[in-house]
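Q: Pasting in a structure now, in structure tokens, and then I'll have a few things to ask.
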Amino acid sequence: MTTLTFFLLASLLLLAFGIAGMITRRTLVGMLISVELMLNGAGLSIVAAYKSVPAADGALGQLAALFVMGLAAAEATLILAMLLVVQRRFGKVTARDISVLR
Amino acid sequence: MQQDVTQGATTVLEYLAKPLKALQEWLSPVLPGDEWAAYLAFALYVLIIIGGALGAVLSRNLIRAMLGLVMTFLGVAGMYLLLASPFLAFMQLLIYVGAVCVLIFFAVMLTRNTDGGEESRLPSLGQLFYGALAFLAPLAVAGPFIVMHAGRQALETPKTESTASLGAGLLGSYVLPFELISIILLVAMAGAVYLAFRGYAPKRGGEKT
């Protein structure tokens, strides 16, 4: 058991919490929160793997995690706008009630 | 100025030396070796992450769920510090706690999903069952895999890369992904503004969107 194992288990825990939140949350806002949990786990595992393997370039892992953060920011922005549209259109943002595409 | 700071740090360390020594002796049966402080910090960050994630997933109030998410972000920032990436920990605070959380706060407020909203009821029994299943499935699939493939010998301590080398990578070998992520951010922002203001545009005979 090396330190890499512990870090990977921590990020796996984040992924599990995120998926469980995706299932149990009713509204799109709660799902957005769960997605952010999962993305955090992804970034953590990338950095842990790059930092722990001696042959890998540690700076590259940090850059990859930075890209994950940028994608998360873009995704949160877009989802905020989508939530506004859904709220205006349907009056609520529960996943169950949004069943028409047009 | 530099002298003062160094002197202050030394004084603080001297002041803390005795309790730290006692803590190390108390922990020595469990955490041998020189890295006891790192293991202690890791355990603390894991506790913070688990507590925050529990709040984010289970809280019936979305604002409280967001606060749990902030807690998780802070724990992950601590993990980045342990992995010798202080710049990344700083970016985690700046981007996630600073920007993403404000966006989620806006999302909660603009959809009026605070206390007494749609999330305030407990999920149904079936939903809870599938939630528990979804929590256990990745642990059961990937957990044994990670533990079985754990390395035998200890890895070397990660080294801190300078922020300058990160910047050199962003503008050198990896300039294409850097530009791509800029374009993605720009397109996402433009799309968000378009989506948000579309319904409010003055009608000119066309159908209302």
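Q: Tell me which of A:48, B:94, B:132 sits at the most positive position along the dipole axis of the protein assembly as shown, charges placed on C-beta atoms (Lys, Arg +1; Asp, Glu -1).
A: Final value for the positive-end residue is B:132.
Q: Sticking with this structure for a sec: Using 1/(1 + (r/R0)^6) with R0 = 30 angstrom and r between the beta carbons of residue B:163 and residue B:102, what's the FRET efficiency to the nearest 0.05?
A: Here the calculated transfer efficiency is 0.75.
Q: For the range B:31-121, what is the accessible area per residue in Å² when the probe is 1.4 Å?
A: 45
Q: For the range A:3-90, report the accessible area per residue in Å² (1.4 Å probe, heavy atoms, rounded to an integer).
A: I get 30 Å² per residue for the range A:3-90.
Q: A follow-up question, please. Considering just Cα atoms, how many Å³ per residue does the convex hull of the range B:14-146 enclose?
A: 177
Q: Suppose each label sits 7 Å from its Cα in the direction of the beta carbon; what would the residue B:47-residue B:173 distance come out to in nanometres?
A: Here the answer is 4.0 nm between the modelled labels.
Q: Report, please, the projected area of the range B:25-102 averaged over directions, based on the convex hull of its C-alpha atoms, in nm².
A: 6.0
Q: OK, next. Roughly what % of Cα-Cα distances in the range A:3-90 sit above 17 Å, to the whole percent?
A: That fraction is 56 percent.
Q: Could you give the angle, 0 to 90 degrees to the nearest 10, between helix A:3-24's Cα long axis and the longest principal axis of the Cα atoms of chain A?
A: Once rounded, one gets 10 degrees.
Q: If you wrap a convex hull around the C-alpha atoms of the protein assembly as shown and split its volume per residue, what is the figure in Å³?
A: Measuring per residue, one finds 195 Å³ for the Cα hull of the protein assembly as shown.
The values are calculated or read from the model by the stated rules, or taken from the named source; none is laboratory data. Remember, it's a predicted structure, so these values are computed and weren't measured experimentally. Heads up, the Cβs are rebuilt from the backbone with ideal geometry, glycines too, and the neighbour counts pull from every protein chain shown. Heads up: the accessible areas ignore ligands, DNA and RNA and are worked out on the full protein's heavy atoms, side chains in. Shrake-Rupley method; radii C 1.70, N 1.55, O 1.52, S 1.80 Å.
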